[in-house]
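Participant: Structure in structure tokens, see below.
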């Protein structure tokens, strides 16, 4: 029973992810920006770095969530980790 609920949840999350990616890609393309999207699952930093290397991307653009210093000490910042390890420039937007 739990597997069924997990599967339903994951499918819903994937659908929402695809919708959001499509929406943001359309906005960027309308502004004249060439966009490539990919929906991936797994550790976010590892996935971003893997895709950046595989696709030889020119730039990674990330949003800064603005976490406080205390959570960042324990979890680390995704944007900080990607910036340090990325094979290309990283733009962090607040």
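Participant: Restricting the first residue to segment 18-37 and requiring it to be over 19 Å from residue 59 (Cβ atoms) and outside the structural domain of residue 53 (by TED's automatic domain parsing), which pairs with a second residue that is at pLDDT below 95 and surrounded by 10 or more Cβ atoms within 10 Å (Cβ to Cβ) meet a Cβ separation below 7 Å and a spacing of at least six or different chains?
Facilitator: Filtered contacts from segment 18-37: 18/39.
Participant: For segment 1-45, which positions are within 18 Å of the chain's Cα centre (by Cα) and not in a helix (DSSP H, G or I)?
Facilitator: Scanning segment 1-45 gives 33, 34, 35, 36, 37, 38, 39, 40, 41, 42, 43.
Participant: Right, another one. Quick one: which residue in 14, 53, 72 is surrounded by 12 or more Cβ atoms within 10 Å (Cβ to Cβ) and modelled with pLDDT under 90?
Facilitator: From the options 14, 53, 72, the qualifying one is 72.
The values are calculated or read from the model by the stated rules, or taken from the named source; none is laboratory data. Here the structure is a predicted model, which means the values were calculated and not measured. No Cβ is skipped: glycine too gets one built from the backbone with ideal geometry, and neighbour counts run over all protein chains shown.
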